[in-house]
Amino acid sequence: MAATGYDLLMNSDYADLNPALGTLYAEHIGIVAARHDHALEQAGASHAVIYSGNPKNAFLDDYQMPFKPNPHFVNWVPLTRLPFSYIVYTPGKTPILIYYQPHDYWHVVPGAPDGYWTSTFDIRIVHSVDDIARHLPADREKCIVIGEIDDDALSFGIERVNPTTAVNILHYARGAKTQYEIEIMRLASRRGASGHVAAETAFRNGRSEFDIHRAYCEAVSHTDQELPYGNIVALNEHGAVLHYTDLDRQPPAESRSFLIDAGAQVHGYASDITRTHSNGDVRFQALIERMETMQLDIVNQVSAGIDYRDLHVGTHKMLASVLVDAELAAGDPDTLLETGVTSAFFPHGLGHLLGIQVHDVGGFMENESGTTIDPPSGHPFLRMTRILEEDMVLTIEPGLYAIDMLLENLRGTPAESHVNWNTVDWLRPFGGIRIEDNIRVLASDRENLTRDAFAQL
Ligand code: GLY
Ligand code: MN
Ligand code: MN
C-alpha cells in the first residue's frame, strides 16, 4: 500500500512529503552562510568551525546521557545524531562537513550521508578523531569555534571559542526563521498535533498519565529522548504544577481534567503545544472555552512591529476579565493587575521564541551586539521581550491555575479581598488551564502553525 501523508510524516526524510524542501534548504543555507559572513567579519576571523558536540557520561558512570547536538550545527544541517563532527565554513567556499563515522561495534554508527542536504557540503568522512585535524583550516589563528568544547583536544588548537561578537550576531539573526525552517516547523506541528489527538483519546478512556504519555510517544513516533522537551501530562490537580513531569502509573479514581504540554521535532526543530480538556464538567469546560477565546484574541494581535511585552501585559488585562466573569476575582482589571491577582493565577510568561531550542535563543536581544531588553517590571518570567519581526516563530500560551503557594501569598495584602476563595476551592481539583499555539509572525498578519496542523489531520 502506498504510504499516506501521515505515514510519510512519521517515516520519511520529509523530502517525500514536500519535494520543494531541497530548494528551500538551499535558500536557507544561503541565508545562514550570509549570517556567518557577517559574524566572521565582525569577529575579525576567516573561518567558522562549528562543532556538533559529544555525549556526556553520567557522573561516576560509563553510561552516556542523551546526546543534545549544538543548535548552531543543527542550523546548518538536519543531522541531530552526529557527535564529534564539524562544519568548516569559509566565506565564498563550499562548506566542509567533517562527518564522524567511527569504527564502533558497540553502537550504531551514522550511515552514509544521504538526502537533499548532501550536495551543499564537501563531505569528508572520518573514522577517528585523529583524522579531523587535517580537514581544518591550517591558519588556526584565523578560526573561531562555535560549540561546546569540554575537552581542549576537540578545538584542535583554535583558541577563539564562542566569541561573543559572533555568537550574538548569530543568535539575534536566528529569531526570524527561514522559509525552510518554517516548513520544517509546520511538519513538527503536524507531528505534535497527531500526538495530542492520541493523548486526548487515552484521557477520555480513563488511562493513567503514564499510559497517556506512551500513547502520545507512539503517535508521534518519538522515544522520550527524541521529544523536544519532557512531556507535561497532567491529570486533575497536577495541571497546576507548571512543569509537571512525574507521570503517575495508576489512573486517578476520577479523571476530571487533562492538561498536556507536549511537542515533537523534525530535523531538530520543535513544536510546543498545550491543550486542556474537561471530562464532562460543564463549568470547567466553559472556562476552557473562555480561555481559548482569549488566547485566540491574543494570537490575532500578533504581527510585525508589535512589542511582545505589550502582548504579555495586555494578556494580564484580558485575564482579569476572565477571572471576574468566572467569579474567581472581583475588581477592575488595573486593580487586579496592580495588586498581583492576575500574576498569582498566571505566573509565567505569555510565550517565547521557538525553533531548534524550545525556548529559542535571542528572546531578550535588542540588537545583534547583545544589548538586552528587560521584561516589564513585575513579570520576571517573560522570556521574550523583542519587537516582533516577520517570520519569527513564537508561542502564545496564556494560562490560569489554582496554585495555592502563590494565591496564599495574597492573604493579608490588598489583593486578598479581590479573590473569590470559594471559587478557587472549586477550581483546585481541576489544576489549571493552558492553551499554547505556535505562531509565525507575518507583516500584518500571522500563521497559526498549530491550528493549521490540527486542521490537516
Ligand atoms: N513546554 C514548555 C513551554 O511551554 O515553554
Ligand atoms: Mn509548552
Ligand atoms: Mn512554550
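Read the figures in this text as sums done on the coordinates, not as results from a lab. Here the structure is a predicted model, which means the values were calculated and not measured. Please note: Cβ atoms are built from the backbone with ideal geometry, for glycine as well, and neighbour counts cover all protein chains shown.
Collect residues whose amide H, placed 1.01 Å from N in the peptide plane, falls under 5 Å from the amide H of ALA329; neighbours closer than 5 in sequence don't count.
VAL324, ASN420
Along the charge dipole of the stretch 1-158, Cβ charges K/R +1 and D/E -1, which of LEU17, ILE31, ILE158 sits furthest on the positive end?
Looking along the dipole axis, the top candidate is ILE31.
By how many nm would the segment from HIS103 to GLU338 grow when fully extended, if each residue of separation counts as 0.36 nm and the alpha-carbon distance is taken off?
On the way: separation 235, 0.36 × 235 = 84.60 nm, distance 6.28 nm.
Length gained, HIS103 through GLU338: 78.3 nm.
Evaluate E = 1/(1 + (r/R0)^6) for PHE381 and SER221, where r is the Cβ-Cβ distance and R0 equals 35 Å; express this FRET efficiency to the nearest 0.05. Before the final figure, lay out the partial values.
Details: r = 33 Å, r/R0 = 0.93.
Efficiency at R0 = 35 Å is approximately 0.60.
Note down the magnitude of the dipole of the stretch 202-332 about its Cα centre, charges +1 on Lys and Arg C-beta and -1 on Asp and Glu C-beta and zero elsewhere, to the nearest 20 debye.
180
Pop out the ³J(HN,Hα) list for the stretch 432-445 in order, Karplus 6.51 cos²θ - 1.76 cosθ + 1.60 with θ = phi - 60°, rounded to Hz; leave Gly and Pro as x.
For the stretch 432-445, the Karplus-derived couplings read x, 9, 9, 10, 10, 10, 9, 10, 9, 7, 10, 4, 9, 7 Hz, x marking Gly and Pro.
Where the only charges are on Cβ atoms (+1 Lys, Arg; -1 Asp, Glu), what is the dipole of the stretch 106-230 about its Cα centre, to the nearest 20 debye?
Values: 13 positive and 19 negative charges, 123 e Å.
With only Lys, Arg, Asp and Glu charged at Cβ, the dipole is about 580 debye.
To the nearest 500 deg cm²/dmol, what mean residue ellipticity at 222 nm is calculated for the chain from DSSP H runs of n ≥ 4 alone, each contributing -39,500 (n - 2.57), summed and divided by the residues? Please report the intermediate quantities before stating the final value.
Working: 13 runs with 151 residues, N = 457.
Value at 222 nm, helices only, nearest 500: -10000 deg cm²/dmol.
Multiply the residue gap between THR371 and LYS142 by 0.36 nm, knock off their C-alpha separation, and tell me the result in nm, one decimal place. Please report the intermediate quantities before stating the final value.
Details: separation 229, 0.36 × 229 = 82.44 nm, distance 2.63 nm.
Between THR371 and LYS142, full extension yields 79.8 nm more.
Nearest 20 debye, what's the magnitude of the dipole of the chain about its Cα centre given +1 on Lys and Arg Cβ and -1 on Asp and Glu Cβ? Display every interim value, and only then the final one.
On the way: 33 positive and 62 negative charges, 89 e Å.
Taking the Cα centre of the chain as origin, the dipole is about 420 debye.
Got a sec to turn the phi values of the stretch 351-365 into Karplus ³J(HN,Hα) couplings, 6.51 cos²θ - 1.76 cosθ + 1.60 with θ = phi - 60°, whole Hz, x for Gly and Pro?
So the J values, rounded to whole Hz, are x, 6, 5, 10, x, 5, 8, 4, 9, 5, 5, x, x, 9, 7.
Can you tell me, using C-alpha contacts under 8 Å and at least 6 residues apart, the relative contact order of the chain as a whole percent? Could the numbers behind the result be given before it?
On the way: 890 pairs, mean separation 68.5, N = 457.
So the answer I get is 15 percent.
Answer with one residue from ASN231, ALA326, PHE346: the one whose Cα lies farthest towards the positive end of the charge dipole of the stretch 208-356, charges on Cβ with Lys, Arg +1 and Asp, Glu -1.
My answer, from the dipole projection, is ASN231.
Between ARG411 and SER46, what is the spin-label point distance in nm, taking each point 7 Å from the Cα along the Cα→C-beta axis?
Modelled inter-label distance: 7.0 nm.
If you wrap the stretch 216-258's Cα atoms in a convex hull and average its projection over all directions, what's the area in nm²? Intermediate results must be reported in sequence, preceding the final value.
Values: hull surface 14.0 nm².
Reported value for the Cα convex hull: 3.5 nm².
In percent, how large is the relative contact order of the stretch 285-390, given Cα pairs closer than 8 Å and 6 or more residues apart?
Working: 117 pairs, mean separation 33.3, N = 106.
Relative contact order here is 31 percent.
Let me know the shape class of the stretch 361-457, please: from the alpha-carbon gyration tensor, a ≥ b ≥ c as square roots of the eigenvalues, rounded when a/c is under 1.5, otherwise prolate if a/b is greater than b/c, or oblate. Please report the intermediate quantities before stating the final value.
Working: a/c = 3.47, a/b = 1.48, b/c = 2.34.
Oblate, because a/c is 1.5 or more while a/b does not exceed b/c.
Can you compute log10 of I(q)/I(0) for the chain with the Debye formula, treating each Cα as one identical point scatterer, at q = 0.06, 0.10, 0.13 Å⁻¹?
-0.29, -0.79, -1.21
Could you order peptides 127-136, 24-33 by the average number of other Cβ atoms within 10 Å of their residues, highest first?
Details: 127-136: 14.2, 24-33: 18.2.
Per-residue mean Cβ counts within 10 Å order the peptides as 24-33, 127-136.
Per the Debye formula with a single identical scatterer at each Cα and no solvent contribution, what log10 I(q)/I(0) holds for the stretch 20-127 at q = 0.18, 0.21, 0.23 Å⁻¹?
-0.93, -1.17, -1.33
Going by average Cβ neighbours within 10 Å, how do the peptides 295-305, 430-440, 170-180 rank, with the highest at the top? List each step's numbers first, then the result.
Working: 295-305: 16.7, 430-440: 25.5, 170-180: 21.0.
Highest to lowest by the protection proxy: 430-440, 170-180, 295-305.
Filter the chymotrypsin sites (Phe, Trp or Tyr not before Pro) in the stretch 56-94 to those in DSSP coil with at most 11 other Cβ atoms within 10 Å of their Cβ, and list the result.
Numbers: sites: PHE59, TYR63, PHE67, PHE73, TRP76, PHE84, TYR86, TYR89; in loops: PHE59, TYR63, PHE67, PHE84.
Answer by residue number: PHE59, TYR63.
If you stretched the chain out fully between SER128 and ASN300, how much longer would it get, using 0.36 nm times the residue separation minus the C-alpha to C-alpha distance?
Values: separation 172, 0.36 × 172 = 61.92 nm, distance 5.26 nm.
Between SER128 and ASN300, full extension yields 56.7 nm more.
Taking the Cα centre of each part, how many Å lie between the stretch 80-119 and the stretch 319-334?
So the two Cα centres are separated by 55 Å.
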